[in-house]
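Structure record follows, encoded as structure tokens.
The values are calculated or read from the model by the stated rules, or taken from the named source; none is laboratory data. Just so it is clear, the structure is predicted and the values come from calculations on it, not from any experiment. Heads up, the Cβs are rebuilt from the backbone with ideal geometry, glycines too, and the neighbour counts pull from every protein chain shown. SASA here: full protein model, heavy atoms, side chains in, ligands and nucleic acids out. Shrake-Rupley method; radii C 1.70, N 1.55, O 1.52, S 1.80 Å.
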Amino acid sequence: MTSPFFLRYRSLKATALNQTHRDMQAKMVDFGGWDMPLHYGSQLDEHHRVRSDAGMFDVSHMLALDIKGEAARGYLRRLVANNVDKLTQPGKALYSCMLNQEGGVIDDLIIYFLTESHFRTVVNAGTAEKDLAWMQARRDEIAPGLEIIPRRDLAMIAVQGPNARAKVWQVIAGSQAETENLKLFQAIFFGKYFIARTGYTGEDGFEIMLPAVDAADFWNALHAAGVAPAGLGARDTLRLEAGMNLYGQDMDETTNPLESGLGWTIDLKSDREFIGKQSLLEKPVAQQLIGLILLDRGILRSHQKIVIQYDANTGQGGGEGEITSGGFSPTLNQSIALARLPLNVAAGDEVRVVVRDKMLRAKVVKYPFVRNGKILV
């Protein structure tokens, strides 16, 4: 009889690097329907390697979509909340939210400008099918005939850390001259590689797309050059320290991006109309996304309730909030969180977090907590 575990495993999606992860003794987990590495022995070591040297992540579960056609820019002007008219230089990237009519976040994504008739977007793994269906439906309304091409033939590897770029240059011969002067959020084609100076860790590095059939050889070459494999566990603690939103926790279709620390990605100044704009203009902003550092012993987790104490002397304070993302910070060696709190809460304030039956003290801070190896709080 086939075991239930085997049936579950067989039903999971796998990246081109699945067997490579297993050969490296990775602990594999179900991540949104994908069979992905959680860690390769020590999540803590992987986190510190990225902060101090270089680590690599398989992010091939995310989906690249090529948008092709003369109407590509006009379509994206309507589709996303940030303004693609900022993209004038080939290879330039833009981070944006894609909103529904109510102003909720369908997904956050990166858009690369390649030519006037070719843009590339990268969407989250867990929302990929939903995103594609939404984008196709809006395409049919806005720009019929435009091509939206899923690129499951590509793998994506993120190499992150202060020495990440130098390690990549060792592996991809001749790439240093072409990519050394790439600015943040810029990308370039180099042979079979699409090399972008982007990432999700708060460290420098590249996110590299290449044919999936070549992914294992590239991964092994990076490993031979001293790049440490890192899994989902380290990716989450790194992005939390860097104050980067995670879809499904810090924002989703029910949340206002202006209350999720994403105001900088929402273009409300231009006359351009985009899906969800009117709803955002009509909704008063009542909350903010802000950082917390736990002062007592314990661990902050998502969905924990926050209590803002009322000061009878000043008549200020009171109210509640909620942690959206929380966990232990290896760099700070204490628990940190992102939290949605009322606008009257400011950095330096002290709040209480309900952890099981206890009220634990936490200090409100501005995030990011860590960037480029430096503690900022």
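Tell me the net charge near Y367. Cut-off is 14 Å between Cβ atoms, Y367 excluded, with +1 for each Lys or Arg and -1 for each Asp or Glu. The partial results should precede the final answer.
Values: positive: R239, R340, K363, K366, R371, K374; negative: E241, D250.
After counting each charged neighbour, the total is +4.
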### Task
For the stretch 211-331, give the magnitude of the charge dipole about the Cα centre (Cβ charges: +1 Lys/Arg, -1 Asp/Glu; no others), in debye to the nearest 20.
200
### Message
So for the stretch 11-65, averaging the separation of alpha carbon pairs under 8 Å that are six or more residues apart and normalising by length, what relative contact order in percent results?
### Response
31
### Task
Find the relative contact order for the chain and round it to a whole percent, using C-alpha pairs within less than 8 Å whose residues are 6+ positions apart.
18
### Summary
FRET efficiency (A137, N344; Cβ distance; R0 45 Å; to 0.05) is 0.65
### Gain on full stretching of the segment that runs from L295 to V29 - 0.36 nm per residue minus C-alpha separation
92.6 nm
### Task
Mind ranking W219, W134 by accessible surface for me, highest first, 1.4 Å probe?
W134, W219
### Task
Set the Förster radius R0 to 30 Å, insert the Cβ-Cβ distance between A224 and K183 as r into 1/(1 + (r/R0)^6), and round the FRET efficiency to 0.05.
0.55
### Task
Determine the shape class of the chain: with a ≥ b ≥ c the square roots of the Cα gyration tensor eigenvalues, call it rounded for a/c under 1.5, and otherwise prolate if a/b is greater than b/c, oblate otherwise.
oblate
### Message
Just to confirm a number: summing +1 for Lys and Arg and -1 for Asp and Glu over residues other than G91 whose beta-carbon lies under 15 angstrom from that of G91, what do you get?
### Response
0
### Summary
Summed over the other residues with a beta carbon less than 9 angstrom from that of R165, with K and R at +1 and D and E at -1, the charge totals 0
#### Entry: 222 nm mean residue ellipticity, helices alone, for the chain (DSSP H n ≥ 4; -39,500 (n - 2.57); rounded to 500)
-6500 deg cm²/dmol
## Note on the structure
Relative contact order as a percentage, the stretch 184-255, C-alpha pairs under 8 Å and 6+ apart, gives 23
### Summary
Expressed in nanometres to one decimal, the distance between label points 7 Å along Cα→Cβ at Q176 and L268 is 4.7
### Query
Where a ≥ b ≥ c are the square roots of the eigenvalues of the C-alpha gyration tensor, would you call the stretch 229-377 rounded, which needs a/c under 1.5, or, failing that, prolate if a/b is larger than b/c, or oblate?
oblate
#### Entry: Three-way shape call for the stretch 178-304 based on the alpha-carbon gyration tensor, with the a/c threshold at 1.5
oblate
### Query
For A166 and V354 in the same chain, what is the full-extension length gain: residue separation times 0.36 nm, less their Cα-Cα distance, in nm?
63.2 nm
### Query
Excluding ligands and nucleic acids, what accessible area in Å² is computed for Y367 using a 1.4 Å probe, to the nearest 10?
60
